[in-house]
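Below: one structure, written as structure tokens.
The values are calculated or read from the model by the stated rules, or taken from the named source; none is laboratory data. Predicted model only: the values in this text are computed from it and were never measured. All Cβ positions, glycine included, derive from the backbone under ideal geometry; neighbour counts span all protein chains shown. We work out accessible area using only protein heavy atoms, side chains counted, and drop any ligands, DNA or RNA first. Shrake-Rupley method; radii C 1.70, N 1.55, O 1.52, S 1.80 Å.
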Amino acid sequence: QTPQINSIDAIATRIKNGDIKRIVVIAGAGISTSAGYPDFRSPKTGIYDKTAALKTLPYREAIFDVRYFKHTPEPFFAVLRGLMQMNFKPTVTHAFLSLLHRMEVLEMVFTQNIDGLERAAGVPDEKVVAAHGQFGSQRCMICKISWPSDRFERVVKSGQVPRCDDAFCNGLIKPDTVMFGEPLSQNFATSTKLLDSADLILVMGTSLKVHPVAALPSQVPKGVPRVLLNREKAGDLGSRREDILLLGDCDEGVRSIADALGLRDELENLWRA
Ligand code: OAD
């Protein structure tokens, strides 16, 4: 166990006195679970355990693999249909990202999430790198014609697999989210240089199992504090003396940081707004 030389109070002081002004966040599905959105790898509640009953899947990630989706899209649309039945609201953790933005210390949020809750919480588009894309647009995989969201939702909710109207094409209509086997969003690679000049890294709600996002924390120059807010250890977080591990629910983790900043009421008000 590497001894830690940092504390949340010390970090909060450095944010308040302007020493830390470029915070980069690396986020995953765990920041949305308290909104009711399932993550992927948590035992029992994660999407991969939930879909394990579909014995037809050759491996658990196949449901989000474009090579599998192309010939067997039904499991993906079944999961999507379930998500469409629900109405998700930003969590306290999303509100905390918005608070950092208001404090003008948020450099960038790298999110693997496709739920769009960072934006819904008030983080502006230019502060979000949606590495795996986000819901909200969809198009034919063959002719690329786009479909309006209301039509797409109607068809998916009805239990059908959405397909292009063009009889010759008949392509699958796929959300513009990134599946395994597809390239990442265009701004991902260019934005990673922000890690070089970051003053603080917050890693939240991710198992850091999927590359290339999984590699981002280890690309951060040594000496820059990295805080992990997660139920379990992830990646190499905890291996550097400057790391801080806040193991537990990330909503509680961000509340403790807001307490240290003296901004707890602001956070709760922002969340409830
Ligand atoms: P995972 O499900 O792999 O990891 C979520 C992490 O968040 C786990 O370590 C959980 O313990 C933790 N967690 C869950 N709820 C939490 C909470 N309330 N507070 C704190 N921690 C919590 O999700 P990701 O790391 O986001 O990609 O998964 C990465 C990628 O794998 C996804 O974007 C998706 C998936 O396959 C594609 O489908 C391409």
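Just need a number here: residues in region 42-97 that are within 16 Å of ILE173 (Cα to Cα) and in a loop (DSSP other than H, G, I, E, B).
Adding up the residues that qualify gives 4.
Search region 45-68 for residues being more than 11 Å from the ligand (Cβ to nearest atom) and at pLDDT 95 or above, and hand back the single one that is most open to solvent (accessible area, probe 1.4 Å).
Going through the qualifying residues, I end up with ARG67.
What pairs come out if I take residues in region 43-65 that are more than 22 Å from ARG231 (Cβ to Cβ) and pair them with residues that are polar (S, T, N, Q) and more than 8 Å from the ligand (Cβ to nearest atom) whose C-beta lies under 7 Å away, six or more apart or interchain?
Matching pairs, first to second residue: LEU57/THR51; ILE63/THR51.
Looking only at region 152-206, count every residue that is outside any strand (DSSP E or B), out of contact with any helix residue (DSSP H, G or I) (no Cβ under 8 Å at 6 or more places or on another chain), within 16 Å of the ligand (Cβ to nearest atom) and touching a residue at least 24 places away in the same chain (Cβ under 8 Å) and tell me the total.
Residues meeting the conditions: 6.
List the residue pairs whose Cβ atoms are under 7 Å apart, where the first residue sits in region 133-150 and is in contact (Cβ under 8 Å) with a residue 24 or more places away in the chain and charged (D, E, K, R), the second is open to solvent by 70 Å² or more (accessible area, probe 1.4 Å) and in a loop (DSSP other than H, G, I, E, B), and the two are 6 or more positions apart or on different chains.
ARG139/ILE145
Hey, could you check region 246-256 for residues that are in contact (Cβ under 8 Å) with a residue 40 or more places away in the chain and under 20 Å from the mean Cα position of the chain (by Cα) and say which is farthest from the ligand (Cβ to nearest atom)?
Result: ARG255.
Tell me, which residue of region 104-123 that is open to solvent by 40 Å² or more (accessible area, probe 1.4 Å) and in contact with an Asp or Glu (Cβ under 9 Å, 6 or more places away or on another chain) is farthest from LYS193 (Cα to Cα)?
ARG119
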